[in-house]
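*Asks:* I am attaching a structure below and will ask some questions about it afterwards.
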Amino acid sequence: MEIQSHSGHFKLWRELELHEFQQKFVIKAAESTDQGFAIRRSDGTVEPLSGDDVSTNSRKVSTIYGVVGTIRSLAATHVLVITSRKEVGSYVGFPVFRVMSMKFLSCNEALRLPNHQEKRDEAYFRTLLRVIESTPGLYYSYETDITLSLQRRFKLTEGRMSKPIWKQADPRFVWNRNILEELIENKTGQLKLKTSPATIILISRRCTRRLGTRMWRRGANLEGDTANFIETEQLLEFEGFRSSLLQIRGSIPLIWEQIVDLSYKPRLNVIDHDQTSKVVERHFRDITQRYGEMIAVDLTDKHGDEGQLSAAFAAEMQKLPNVRYVSFDFHHYCGKSNLENIQVLYDQVSEDFEKQGYFLVDAEGKILLEQKGVIRSNCIDCLDRTNVTQDAIDLVSGHYTVNINNPSPFQQNGFESFSYLPVASALIIGGLTATSVSLNQAGRNAQTIVSSIICAGVTAGMMALIKTNGRQICSRPRLCGLL
């Protein structure tokens, strides 16, 4: 919760009191109980504190460490709060916390849904809310903005720095920005350089624009936003000096897919789209405007499906003379743990990499050096395992908004109305069991032999049918399209 102090600066309270009354939830700053707000349990409306809210305590009081935002399902409004946190490091001298646990405070739960489909949809949305409560890897700070790199922080105007933290932030990396609308108007290590202690901080910021799980979210959308785009910043603090180096990564910015079926490795498919060249241009124009000169390092294989995708990427990059494209078959050079061969790549990019430089500021805040460009790398997945929750991500990031007047996203067609994978698995196991039993009895008479052949044939047919329809059988994201 953020308030403006008399000095004009904004303060985030580190601990809040949650008072649960029958008619409302009241959230107050633990240090200053006249600061806070109330939420009506009847409809989820957010209100300023009244005199009674300030002076009255409920029987059920608990400590929370932040309010993440509000999400609406079909039947209720849900307020997401932080119930547990852990300090994991610091950024520009301020503590950074990891969210350890969250919970939803539900309002208006007495609303009745008129039909069966809406009740099923609401049940699924509630499942997604439970997934959101346990979403890992969310970090925040009460005293500084961790979405901005060191260089961007120092180049901000004084007027912007005096704004609330949420207004300073880069919206690409604010995961709860959408669900905050109703409430608002890493890893570290110690080492020694010579005899002085130094601190290295590594921060990866995940972009919210094209989120998704492995395989289901690939490539770019028509606006040029790529799946799993990450900005990684390495900071070094030493004897009052602070340096910063940025690198970015993301999926190959073509329109392509890898639809999940029952194959061990689903086929890659580059979609022949008339907007492909414009998509690539939009992507690199956006990141060049943000980061400066660009080196695009493609780490994919040069054979098979990956080779076709890499070749298509290389062909598009030839149309962009202002972006240097470097192709490096990582598995060919560095497979079987031959990581020392990464020197081949270093030799190719070292000259341009050194020209890009890094950001450096002294103890007085004077900018000594600036980073003038960045390396953009990609493989196939690009840190996809950090995005493991199919529909929950789309819901919390605002890519999908629940609206009772919209058609159900779970009724796209009859076949996709629920997951058929358990049914398919049961049919195969049942068929294999019947075949095994009949084969054990096959020596007794000819009729049993015929039964064994029929069971084996039916089982093989079911397996072929299931394999053919693997895309439909596998559970897939329902709330947003793949593009």
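The values are calculated or read from the model by the stated rules, or taken from the named source; none is laboratory data. Here the structure is a predicted model, which means the values were calculated and not measured. All Cβ positions, glycine included, derive from the backbone under ideal geometry; neighbour counts span all protein chains shown. Only protein heavy atoms, including side chains, enter the accessible area calculation; ligands, DNA and RNA are left aside. Shrake-Rupley method; radii C 1.70, N 1.55, O 1.52, S 1.80 Å.
*Asks:* Answer rounded, prolate or oblate for the stretch 56-158, using the Cα gyration tensor with square roots of eigenvalues a ≥ b ≥ c: rounded when a/c is under 1.5, else prolate when a/b is larger than b/c, else oblate. Mind showing how you got there, number by number?
*Replies:* On the way: a/c = 2.65, a/b = 1.96, b/c = 1.35.
Since a/c reaches 1.5 and a/b is larger than b/c, the shape of the stretch 56-158 is classed as prolate.
*Asks:* Classify the stretch 65-113 from the C-alpha gyration tensor, please: rounded if a/c falls under 1.5, else prolate or oblate depending on whether a/b exceeds b/c.
*Replies:* On the way: a/c = 5.16, a/b = 3.56, b/c = 1.45.
Because a/c hits 1.5 or more and a/b exceeds b/c, the stretch 65-113 counts as prolate.
*Asks:* Additional query: At 20 °C and 1.002 mPa s, grab the translational diffusion coefficient of the stretch 201-354 from Stokes-Einstein with a Kirkwood Rh over Cα pairs, rounded to a whole number in µm² per second.
*Replies:* Once the numbers are plugged in, D ends up at 126 µm²/s.
*Asks:* Net charge near E281: determine it from the other residues with C-beta under 13 Å of the C-beta of E281, scoring Lys and Arg +1 and Asp and Glu -1.
*Replies:* +1
*Asks:* Under the √(5λ) rule applied to the eigenvalues of the Cα gyration tensor, what semi-axes describe the equivalent ellipsoid of the stretch 13-73? Give them in Å, descending.
*Replies:* They are 17, 14, 11 Å, listed largest first.
*Asks:* Order the following by accessible area, largest value first: E293, E364, E306. Probe radius 1.4 Å; ligands, DNA and RNA are ignored.
*Replies:* Greatest to least solvent exposure: E364, E293, E306.
*Asks:* Give me the accessible area of R282, 1.4 Å probe, in Å² rounded to the nearest 10.
*Replies:* Looks like 70 Å² after rounding.
*Asks:* Would you mind giving the average projected area, over all directions, of the Cα convex hull of the stretch 270-355 in nm² with one decimal? Don't skip to the answer; put the middle values down first.
*Replies:* Details: hull surface 25.9 nm².
Answer in nm², one decimal: 6.5.
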